[in-house]
1. Please identify, among B:Ala94, B:Ala49, B:Ala22, the residue showing maximal mean-square fluctuation in a Gaussian network model of chain B using a 10 angstrom Cα cutoff.
2. Taking only protein heavy atoms and a 1.4 Å probe, what accessible area per residue, in Å², does the protein assembly as shown have with all protein chains in place?
3. Any idea how far apart A:Phe7 and A:Thr277 come out in nm if each label point goes 7 Å out from Cα toward Cβ?
4. What is the distance, in nm, between label points placed 7 Å from the Cα along the Cα-to-Cβ direction at B:Ser135 and at A:Asn192?
5. Average partner chain C-beta neighbours within 10 Å, per residue of B:3-12?
6. Could you look at chain A and say what percent of its accessible area is carbon and sulfur, using a 1.4 Å probe and all protein chains?
7. Per Stokes-Einstein, at 25 °C and 0.890 mPa s, what whole-number D in µm² s⁻¹ belongs to the protein assembly as shown, with the Kirkwood radius over Cα pairs as the hydrodynamic radius?
8. Using a Förster distance of 56 angstrom, determine the FRET efficiency expected from the C-beta separation of A:Gln72 and A:Thr300, and round it to 0.05.
Amino acid sequence: MSNRIAFNPQDRFVVSIGNTLIVTTRTGDTFGHDITGHTADGAFHFTGAKAAFNTVDRFVTTMGTKLIVTTQNGDVFGHEMAGRDIGVPFKFAGSKAAFNAVDRFVVTVGNTLIVITQNGDVFGHDVSGHTIGVPFKFDGSKAAFNAVDRFVVTIGNKLIVTTQNGDVFGHDVSGRTIGPPFKFTGSRMAFNPEDRFVVTVGNTMIVTTQSGAAFGADVTGRDIGPIFRLNPDLSIRLHLKVWTNPTIPIQTMITRMQDVYGTAGIGVVVASRQDLTGANIHTALRDLDVVPTCPAGQLTGEQIQLFNNRDNVGEFDVVAHFVRSTSPVLNGCASHPDNVFGAAITQIASVWTMAHEIGHVLGLRHIAGENTNCPSSIPNCCSTPNFSRLMTGCSTSNIVGTPVFAQSEIDTIRSSSRTRPS
Amino acid sequence: MPVTLQDVVRQLDRDEPDYEQAAQLGPEVLAHLRQLIQGSNIGLAAKAACLAGTMNADESVPLLELAARHPDPVVRVAAAASAKNLTNMTTSLATIFLDDVDPGVRKWGLRSLEVTHPEGIETKVEKIMNDDPDSGLREQARKVVERMQ
């Protein structure tokens, strides 16, 4: 099924339980997308009861494994969610909730249902089992009362408010007190007019759009990380051929590659993995002879021999050969034959080396501006390195956080023949 | 200006070092290479060994001998591979490479002998040609022996 998310006009509410993003529709049919790392799987249809399809249903939120639906008259209904099944609806006992016309946002923190009004007052109901506690008013700051405040979500004990211009503000919730507002650093979120829903899965804030594209950013403390595409429209089919396991686990390199390529709307799909660590042939290739500095299209006999191990590698695929070392000693080398696109990655590779070398394979060069006022004998002296960029020529080992692509780089890799529609 | 350890690391820590360019830092680099070869960062140790061979200086041989005895085969392979740049390859250094338990080190040790071969190494090469468990290395050694003759 499509991995576009919540793009149908009848999609009404988007929430999450665990790593599953849940889309409810006006007909009561409910769909899910499992989120793995920074990737959304295709949609699945929940079995069981229909949910949140009545016209009087006003807010939907989740608490643990419960889907909670509040109605215009304050009645609160719930469904227990079990895997991909929705339990029969039940009505919560106790207080009514969120029935005032001025109630604007409903979220949960722990076992507390939180109602935020248009003037910024914040009320809570402790939820115990299938009972809604009596309402209480939070002390402290008002929240989300500005006209430009657009979405409210929570991560842990933080209330997160996104505004129309993408600024993101937070309040720490402590007991029955709303902390003072603070502004998140980092990326702006959910400021495009076509942004439709905002939801959180774990520490990731997710924005879905009218077209079904979904974008995410990891929230760390009071910082919003780089934005990545959760359901890429393009992808790279990557084949892994493991002659030697690198020091950094391959899966970690793949995850990092998915992180950074996701910011360009490109998914990374592992099409095959071939374990050659025990092969008693071609042992020589594990310590690979390469042309120094790996100029494009220039290969040693050993490099040609390495890439001749194609097996399942298709015409538009990319292959990563994990060798033990190269001579001269490199973290990786992106030289490849004309008919097989790929790179060699060595045991000493950094966590970003594979993503960097595949960047070369897709047509990227090292970034400019890192060699200011270098002596003529050392033209690439790395006097002004930029470790926020994947294609730094001055060591991906020093990259902190998730590096970024420039728009021109994104244009280049998205137009590569190796990136194909997902 | 003196060449600092940081200058050397800046050249070697990149994903694709340019060793010819790094060698332009000059002979002051060699003292820093010793420190890197003895350090805990395997990648930098291997790259330092590679640069030591590339520089082909008098001090390169003892640096490669140091790297050739490193516990990590990645460093030893780097030493053996860069030894092909030496014009003063010694029998003792070549022997260390050819006696190594790791086939990658022996491979690159043999490869370095394709360029220059010190006196007295023929016996070691013939032993690999006859006895090495790796058939590829036996064949490679045979070619080296032919070239020596």
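1. B:Ala22
2. Values: 23370 Å² over 571 residues.
Counting only protein heavy atoms, the per-residue value for the protein assembly as shown is 41 Å².
3. The answer from the label model is 4.0 nm.
4. It is 5.7 nm.
5. Working: counts 0, 0, 0, 0, 3, 0, 2, 9, 6, 2.
That works out to 2 on average.
6. On the way: 8620 of 16990 Å².
Heavy-atom surface of chain A belonging to carbon and sulfur, 1.4 Å probe: 51 percent.
7. Values: Rh = 26.9 Å.
Stokes-Einstein gives a translational diffusion coefficient of 91 µm²/s.
8. Working: r = 73 Å, r/R0 = 1.30.
Working from the Cβ atoms, E equals 0.15.
The values are calculated or read from the model by the stated rules, or taken from the named source; none is laboratory data. Keep in mind that what you see is a predicted model, and the values were worked out from it rather than measured. Reconstructed Cβ throughout: ideal geometry from the backbone, glycine too, with neighbour counts over all protein chains shown. Accessible surface areas use protein heavy atoms only, side chains included; no ligands, DNA or RNA. Shrake-Rupley method; radii C 1.70, N 1.55, O 1.52, S 1.80 Å.
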